[in-house]
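Inspection log for the structure reproduced underneath, given as structure tokens.
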Amino acid sequence: MGAAVCPGAPFLVDGTAATVAGKLAPVVRACLDAVARLPQVDLAVLLTTRPPASSMAPPESPAVDQPPWRLLAPGSVIGTSPIRRSDLPDRLVSLPGPPAQPSALLADLLSRSPPIADPGTVAASVGTIVGASLLAAGADPSGAASTDHRTATRTAARVPAVAIEVSDPMATAVMIAGLVNGPDGVALLVVADGAACHGDDAPGRHDDRSGPFDAVLAHALGNGDPQALLRACDPGPAAELLASTKPLEVLALLTQNAPPTSAELLYAGAPRGVGYLVATWSWSAS
């Protein structure tokens, strides 16, 4: 098994914000490098944060309880309009797949996902859009999704991928533990952000706690320490700092009894007021 952590930054979607991506080429290269390091496995699992139910529903829709997760099956096609300028045409990204013969564990997981009537209109989270784009770029041996600043070598296999948008980290970890720890090889792409309150140009108000908050996350990721990562994802401070750490909680919960045998922090910074963390975890074959 292997895991990569990348931020949910819209400029990572090719063609969305080329000028920004060019200025932040180290972030782009680190993300592509992290995805390229994922092992050649049977399935990729994309973990992202699920937006609140109210943001995904029409204004007059009745309030409903939000399930602990939302799953998109391999082959799902996702529109990128939420992260593109309104004067630009919508572009589509797809989750790699579907598998020819899904395993019993994956088939059971997919059976819990409600059918999607029109995949072209899936209202996915920004993290899912970014993660699907990174997986597609990593699986493209021709580098068709690349631009001049995207120079990372792509070695990720063409494997099916499911996207899981997380509302309840514990319930999600319990739900996919059998799949991740099962006989099939699984790679995790975790899309998460640190504090969004770094300075005056940040999406949130300036908060002096942002630097220390992200430093603890970075230390846990760089040291491959699931227990420290779980503590660093304290939901209270995370919410106050507008951090998107629920997918990191799932990673920590899934691996707390089997920490990675190697870990590397590839990038840590807040160039646009949001904490961007890029890391890889890997486990030696038993």
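Numbers at a glance
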| read-out | value |
| --- | --- |
| Proxy reagent accessibility, fewest Cβ within 10 Å first, across Met1, Met170, Met175 | Met170, Met175, Met1 |
| Neighbour net charge for Trp281 - beta-carbon separation under 15 angstrom, K R +1, D E -1 | -3 |
| Radius 14 Å from Cβ of Val166, net charge of other residues (Lys, Arg +1; Asp, Glu -1) | -1 |
| Ascending count of other beta-carbon atoms within 10 Å, so fewest first, for Val274, Val216 | Val216, Val274 |
| Value of D in µm² per second that Stokes-Einstein yields for the range 176-286, Kirkwood Rh from Cα pairs, at 37 °C (0.692 mPa s) | 229 |
| Protection proxy ranking, peptides 180-188, 247-255, 9-17, average beta carbon neighbours within 10 Å, highest first | 247-255, 9-17, 180-188 |
| Taking Arg231, Arg50, Arg272 and counting other C-beta atoms within 10 Å, the order from fewest to most | Arg231, Arg272, Arg50 |
| Cβ-defined net charge surrounding His198, 12 Å radius [Lys, Arg +1; Asp, Glu -1] | -3 |
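Just so you know, all these numbers are worked out from the coordinates, no wet-lab data involved. Because the structure is a prediction, the values reported are computed rather than measured. Every residue, glycine among them, receives a Cβ derived from its backbone with ideal geometry; neighbour counts consider all protein chains shown.
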